[in-house]
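Worksheet for the structure shown next.
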Amino acid sequence: MALKIAAIGIIAVVSALVVRNERQDVAVAIGIAGGAAVILSVIDGVAGVTSLLSELAEKTGVGGELVVYLMKIVGAGYIVEFACSAAEEAKMPSLSGGISLAGKVLIVCMTVPLLAELVDVVIGLLAEA
């Protein structure tokens, strides 16, 4: 898998460098497409890890929905980072900053229910002790 990711990345970089002098907009599109291809190539691995973490959560009694929710938060962080990189590549630093700020706010909003659920789990554990 690492070889596949490296190959996609190298092909995208070389293609963008070749085209950059003639068509800057096409070079940016190649860079974004290369990044998207790299992300899509690891989705199967992420799905496997998610199912394994859900199984572990069920065994511990925490609940698989917490793990899925945590994976959504991590995924949102990666998507926001990718969008920021794409905006920086397109020479739009103010857009990148806006995306970054919005992503951080989104992640905080997504984290609050997760923290509330974890507090409930801790209270349940303390009540049993």
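Think of each Lys and Arg Cβ as +1 and each Asp and Glu Cβ as -1; about the Cα centre, that makes the dipole of the chain roughly 480 debye. Our summary gives the chain a relative contact order of 18 percent, counting only alpha carbon pairs under 8 angstrom and 6 or more residues apart. Count Lys and Arg as plus one, Asp and Glu as minus one, and take only other residues whose Cβ is under 12 Å from that of residue 113; the net charge is then -2. Here is how the number arises for the chain: DSSP H runs of 4 or more residues each give -39500 (n - 2.57), the sum is divided by the residue count, and the result at 222 nm is -32000 deg cm²/dmol.
Which value in Å does the Kirkwood hydrodynamic radius of the range 6-82 take, with 1/r averaged over all unlike C-alpha pairs and then inverted?
By the Kirkwood definition, the hydrodynamic radius is 14.5 Å.
We did not get these values from a lab; they are worked out from the coordinates using the rules stated. Here the structure is a predicted model, which is why all the values come from computation and not from measurement. Using ideal geometry, Cβ is built from the backbone for each residue, glycine included, and neighbour counts are taken over all protein chains shown.
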